[in-house]
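The values are calculated or read from the model by the stated rules, or taken from the named source; none is laboratory data. Because the structure is a prediction, the values reported are computed rather than measured. Here Cβ is always computed from backbone atoms with ideal geometry, including for glycine, and neighbour counts include all displayed protein chains.
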Amino acid sequence: MNAPVFSSIENVWDTLRVDPLTREYATYTGKFHGTMTDTTGGVTIVAGIETGVVVKRKDGWKLLRGQSSLLPEEEQ
């Protein structure tokens, strides 16, 4: 899907686990659900899982690397 066709996207964590690795790095894993509304008013409901690595910079925590996968409808 292409982001410009959406008027809004709202994702919410159902579960989220953050594991510190060092003072500067942490990993996270979570399950989320989201609602995407396109520019014609159509609504799509999704659920997925995401994992990633974050790094602490001077201006806060930043995503270093992440991966998201949508769950099949029967697992949502």
Q) Looking at the stretch 1-11, which of the residues that are assigned to a strand (DSSP E or B) and of a type in the set (Gly, Ala, Ser) is nearest to LEU70 (Cα to Cα)? A) SER8
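Matching residues to (1) farther than 18 Å from GLN67 by Cα; (2) surrounded by 13 or more Cβ atoms within 10 Å (Cβ to Cβ):
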position: TRP13; (1), (2): no, no
position: LEU16; (1), (2): no, no
position: ALA26; (1), (2): no, yes
position: GLY30; (1), (2): no, yes
position: THR35; (1), (2): yes, yes
position: THR39; (1), (2): yes, no
position: GLY42; (1), (2): yes, no
position: ILE45; (1), (2): yes, no
position: ILE49; (1), (2): no, yes
Q: Search the stretch 1-37 for residues being among the hydrophobic types (A, V, I, L, M, F, W, C), under 17 Å from LEU63 (Cβ atoms) and out of contact with any Asp or Glu (no Cβ under 8 Å at 6 or more places or on another chain), and hand back the single one that is modelled with the lowest pLDDT.
A: ALA3
Q.
Restricting to the stretch 51-63, give me the number of residues that are under 27 Å from VAL5 (Cα atoms) and exposed (fewer than 14 other Cβ atoms within 10 Å of the Cβ).
A. 2
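Considering only residues that are within 21 Å of ASP14 (Cβ to Cβ) and either among the acidic types (Asp, Glu) or under 13 Å from the mean Cα position of the chain (by Cα) (or both), look in the stretch 55-73 and name the one that is modelled with the lowest pLDDT. Write out each step before concluding.
Of the residues in the stretch 55-73, the ones within 21 Å of ASP14 (Cβ to Cβ) are 61, 63, 66-73.
Pick out the ones that are also either among the acidic types (Asp, Glu) or under 13 Å from the mean Cα position of the chain (by Cα) (or both) and you get 63, 66-71, 73.
Working: LEU63: 97, GLY66: 97, GLN67: 97, SER68: 95, SER69: 96, LEU70: 94, LEU71: 94, GLU73: 79.
Among those that are within 21 Å of ASP14 (Cβ to Cβ) and either among the acidic types (Asp, Glu) or under 13 Å from the mean Cα position of the chain (by Cα) (or both), it is GLU73.
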